[in-house]
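Student: What follows is a structure written as structure tokens; I'll ask about it next.
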Amino acid sequence: MSEALLNIENLSAASEDKEILRGINLTVNRGEVHVILGPNGSGKSTLMNVIMGHPAYKITDGSIAFDGEDITALKPFERARKGLFLSFQNPEEIPGVTVENMLRTAKAALTGQRVRLIPFRKELRKLMAELSINEEYAGRELNVGFSGGEKKKNEILQLLALNPKLAMLDETDSGLDVDAVQIVGRGVAKFHTAENSVLIITHNAKILESLNVDKVHVLKDGRIVEEGDAALIDKIETGGFSHLDGDQYGR
């Protein structure tokens, strides 16, 4: 039996007294790829943020366990040190901090060890080449002046450089052209091994072509209303979410 890396039990969460997540149960085993689908406003991004510990959301019930430890009360940086990584749907610009310095500092903070400059810089340039990122971007301020596609590829660069246990990707493929989607997809596939896991929100099945999807979860109104294997992606790609309408899902 596979070892559970992420285990969410009866999770409910709210923001500004508005309930968004309602009784989520979700287990991601080590080495698995899980996909989260759902209509806009169904709670997908909220779920990712709550798992990461975003202070804008309050857990009102349930628990989150990661790698066998209850992390429900941990702060975001503590969760990151445990091996959680969240790629944002809309990456923030950080003036005054270069891509290279941010990654080197983050890696040192996560490992608790000094990161030697020359080997780190060599590995970073190699990863940038694989993602078709101009190496000059290592010296630029983080995401400042980057196009949407450049920001998303930079998120995958961070993923590969930091190598967490669980990658949570919130529509990393949105706004990308066909070539960029393929590059990002290959980057995620390069990250994924039998020792780590991927939890991904997407509206574009193209990014999943390089991955073996283990399970699909469909959210609606803050609840998981349908689950299945990769075949569920094709079903929704063909027919959309119209089959979720009705009273059978507690509306």
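Student: Of the residues A73, A106, which single one is in a helix (DSSP H, G or I) and of a type in the set (G, A, S)?
Tutor: Answer to the check: A106.
Student: Right, another one. Here are M52, M48: which of them is farther than 16 Å from R223 by Cα, surrounded by 17 or more Cβ atoms within 10 Å (Cβ to Cβ) and of a type outside the set (G, A, S)? Before the answer, list the steps.
Tutor: Details: M48 fails: farther than 16 Å from R223 by Cα.
None of the others qualify; the one that does is M52.
Student: Which of the residues spanning the range 108-167 are of a type in the set (S, T, Y) and surrounded by fewer than 17 Cβ atoms within 10 Å (Cβ to Cβ)?
Tutor: Once the filter is applied, which keeps residues that are of a type in the set (S, T, Y) and surrounded by fewer than 17 Cβ atoms within 10 Å (Cβ to Cβ), the range 108-167 yields T111, S132, S147.
Student: Looking at the range 1-32, which of its residues are among the basic types (K, R) and in a loop (DSSP other than H, G, I, E, B)?
Tutor: R30 - this is the single residue of the range 1-32 that is among the basic types (K, R) and in a loop (DSSP other than H, G, I, E, B).
Student: On to the next question. Hey, could you check the range 177-198 for residues that are assigned to a loop (DSSP other than H, G, I, E, B) and closer than 13 Å to E32 by Cα and say which is least open to solvent (accessible area, probe 1.4 Å)?
Tutor: N196
The values are calculated or read from the model by the stated rules, or taken from the named source; none is laboratory data. No experiment lies behind these values; they were computed from the predicted model shown. Glycine gets a Cβ as well: all are built from the backbone with ideal geometry, and neighbour counts include every protein chain shown. Accessible surface areas use protein heavy atoms only, side chains included; no ligands, DNA or RNA. Shrake-Rupley method; radii C 1.70, N 1.55, O 1.52, S 1.80 Å.
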